[in-house]
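Peer 1: Below: one structure in structure tokens.
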Amino acid sequence: MQRTQKWRKRAVLLGLTAMLTILLSGCGGEANPKDKTAAAEPTSRQYYIFDTVVNIKLYEDPKGEEHLDHIDAMLKTLDEELSRTLETSQIYKVNQEAGVEAVEVSEDTIEVLKRSLNYAKETDGLFDPTVGGLVDLWDIGHEDAHVPAPEDLQRELSLVGYQNVVMDETKRTIFLKTPGMILDLGGIGKGYAADKIAAYLREEGVKSALVDLGGSSIIVVGSKPNGDDWIVGLQDPDSSRGTTMGTIRLNDQVINTSGVYERYFVEDGVMYHHILDPRTGAPAQNELKSVTILTDNATDADALSTVVFVMGLEKGMEFVENYNEVTEALFITKDDKIYVTSGLKDQFKVTNELYTLIQE
Ligand code: ADP
Ligand code: MG
């Protein structure tokens, strides 16, 4: 019990555990004196948005500070648009006016909601941006999180339903049909922010940059300063082990992991994490520890890692294999087995004997 409490506290305090790290020096992690990356000091900054620490590193960028200032402003705007909890945000207003009237929002907000509703349709509602009431009820990642009473769960579950979101793209308005309904774009907002940052850096001609969102999402621009590909180390989602279990060479891709150890609490020996199954209203219970998605944009990667987790190993694997040619996935199960989609077989290497890559 002692241990559980301590753990819970740590999870709460740290909020997020790094599950992905960029290896700046070859696969082995040893510094290579010939590797210029180690020497090149980037212009870097840390931001805090959507309950997440964002780290950005710009390599050999003479206008680095200016770019970082601009990103700061971009992130503040996105928070004012998409945050569920910020009382001045557009989404907050939309939620307040649920069942009352449509609220005018920005193009960004329309775009994120539009993509959310598409994922909802593609996944039969397993991705559902109207899970906000459940997210508030479970309050996972906060000190007082606990298993809710069944009647509260039923009430919030009855308010979930992406079909009851009315979006008017021409007027740029959003209306939630049911009073009490709550939009939450937490499963996709960070990915959207990462895509915007990367697009801006590319427009500005930045040749080499690293955008890391809370250690669960990495998007890179260009190649490493020495021209090499970026290599990502995958941490065991259970950070108590602190081990890297494998590496992936990024190939013009973004990478995003959703896992049970990101935000969670333990009650009566059961672990409750922050990825909810809209069919039950409770955290998805399956054989998985984490799902990592690689694809060509961070918005897809973010939303898909969340929803593929809800699907579980078998259905999730099938879904990603059929999604599109550029999307790949890596699953880690609770019994330390790793499963990858066909396109990842050559890109992923297991570097830790605790894990077994299942080749089918
Ligand atoms: P994180 O944002 O912490 O990296 P995820 O990308 O996996 O983690 O997203 C989890 C967040 O997505 C939750 O905190 C919640 O806001 C939202 N969410 C949880 N379950 C769902 C779901 N089934 N569909 C859409 N959004 C969800
Ligand atoms: Mg996600």
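Peer 1: Tell me the residue from G215, G246, G205, G191 that is assigned to a loop (DSSP other than H, G, I, E, B), closer than 22 Å to T306 by Cβ and of a type outside the set (S, T, Y), please.
Peer 2: Answer to the check: G215.
Peer 1: I'd like to verify a number: residues in segment 65-88 that are assigned to a helix (DSSP H, G or I), open to solvent by less than 70 Å² (accessible area, probe 1.4 Å) and touching a Ser or Thr at 6+ places or on another chain (Cβ under 6 Å), how many?
Peer 2: So the answer is 1.
Conditions (1) in contact (Cβ under 8 Å) with a residue 40 or more places away in the chain; (2) more than 24 Å from E81 (Cβ to Cβ); (3) out of contact with any Asp or Glu (no Cβ under 7 Å at 6 or more places or on another chain); (4) open to solvent by 10 Å² or more (accessible area, probe 1.4 Å), marked per residue:
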position: S158; (1), (2), (3), (4): no, yes, yes, yes
position: Q163; (1), (2), (3), (4): no, no, yes, yes
position: D168; (1), (2), (3), (4): yes, no, yes, yes
position: I174; (1), (2), (3), (4): yes, no, yes, no
position: K196; (1), (2), (3), (4): yes, no, yes, yes
position: P225; (1), (2), (3), (4): yes, yes, no, yes
position: Q235; (1), (2), (3), (4): yes, yes, yes, yes
position: D238; (1), (2), (3), (4): yes, yes, yes, yes
position: R249; (1), (2), (3), (4): yes, yes, no, yes
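Peer 1: Give the number of residues within segment 146-166 that are outside any loop (DSSP other than H, G, I, E, B) and under 24 Å from the mean Cα position of the chain (by Cα).
Peer 2: The initial filter retains those residues of segment 146-166 that are outside any loop (DSSP other than H, G, I, E, B), namely 150-158, 162-166.
With under 24 Å from the mean Cα position of the chain (by Cα) added as a condition, the list becomes 156-157, 162-163, 165.
Summing the residues that are outside any loop (DSSP other than H, G, I, E, B) and under 24 Å from the mean Cα position of the chain (by Cα) in segment 146-166 gives 5.
Peer 1: Output the residue which, of all residues in segment 252-275 that are part of a strand (DSSP E or B) and within 14 Å of ligand 2 (Cβ to nearest atom), is nearest to D195 (Cα to Cα). Even if it seems obvious, please write down each step before you answer.
Peer 2: To start, the set of residues in segment 252-275 that are part of a strand (DSSP E or B) comprises 254-259, 264-267, 270-273.
Right, trim to within 14 Å of ligand 2 (Cβ to nearest atom) and you get 254-259, 273.
Values: V254: 9, I255: 12, N256: 12, T257: 16, S258: 18, G259: 21, H273: 26 Å.
For segment 252-275, the residue satisfying everything is V254.
Peer 1: Then there is this: Of everything in segment 122-144 that's touching a residue at least 40 places away in the same chain (Cβ under 8 Å) and open to solvent by 60 Å² or more (accessible area, probe 1.4 Å), which residue is farthest from the chain's Cα centre (by Cα)?
Peer 2: In this case the residue turns out to be E143.
Peer 1: Considering only residues of segment 218-251 that are under 17 Å from the mean Cα position of the chain (by Cα) and either of a type in the set (V, I, T) or more than 20 Å from K349 (Cα to Cα) (or both), which is farthest from ligand 2 (Cβ to nearest atom)?
Peer 2: V220
Peer 1: Also: Can you confirm whether T299 is part of a strand (DSSP E or B), within 13 Å of ligand 1 (Cβ to nearest atom) and in contact (Cβ under 8 Å) with a residue 12 or more places away in the chain? Walk me through it before giving the result.
Peer 2: Working: part of a strand (DSSP E or B): no; within 13 Å of ligand 1 (Cβ to nearest atom): yes; in contact (Cβ under 8 Å) with a residue 12 or more places away in the chain: yes.
So T299 fails the test.
Matching residues to (1) open to solvent by 10 Å² or more (accessible area, probe 1.4 Å); (2) closer than 30 Å to Y200 by Cβ; (3) in a loop (DSSP other than H, G, I, E, B):
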{"position": "L294", "(1), (2), (3)": "no, yes, no"}
{"position": "L304", "(1), (2), (3)": "no, yes, no"}
{"position": "E325", "(1), (2), (3)": "yes, yes, yes"}
{"position": "A329", "(1), (2), (3)": "no, yes, no"}
{"position": "I332", "(1), (2), (3)": "no, no, no"}
{"position": "Q359", "(1), (2), (3)": "yes, no, yes"}
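Peer 1: Look through V147, V112 and report the one residue that is β-branched (V, I, T), closer than 22 Å to D51 by Cβ and either touching a strand residue (DSSP E or B) at 6+ places or on another chain (Cβ under 7 Å) or surrounded by fewer than 18 Cβ atoms within 10 Å (Cβ to Cβ) (or both).
Peer 2: None of the others qualify; the one that does is V147.
Peer 1: What number of residues in segment 195-237 are within 16 Å of ligand 1 (Cβ to nearest atom) and within 22 Å of V260 (Cβ to Cβ)?
Peer 2: Residues in segment 195-237 being within 16 Å of ligand 1 (Cβ to nearest atom) and within 22 Å of V260 (Cβ to Cβ): 11 in total.
Peer 1: Go through (1) modelled with pLDDT under 95; (2) within 25 Å of G141 (Cβ to Cβ); (3) surrounded by fewer than 18 Cβ atoms within 10 Å (Cβ to Cβ) and name the single condition T280 misses.
Peer 2: (1)
Peer 1: Considering segment 251-270 alone, what residues qualify as being more than 23 Å from N297 (Cα to Cα) and loosely packed, with under 15 Cβ neighbours inside 10 Å?
Peer 2: Correct list: E267, D268, G269, V270.
The values are calculated or read from the model by the stated rules, or taken from the named source; none is laboratory data. As the structure is a computational prediction, the values presented were derived from the model and not from experiment. So basically every Cβ, Gly included, is an ideal-geometry build from the backbone, and we count neighbours across all protein chains shown. Side chains are part of the model used for accessible areas, which takes the heavy atoms of the whole protein and leaves out ligands, DNA and RNA. Shrake-Rupley method; radii C 1.70, N 1.55, O 1.52, S 1.80 Å.
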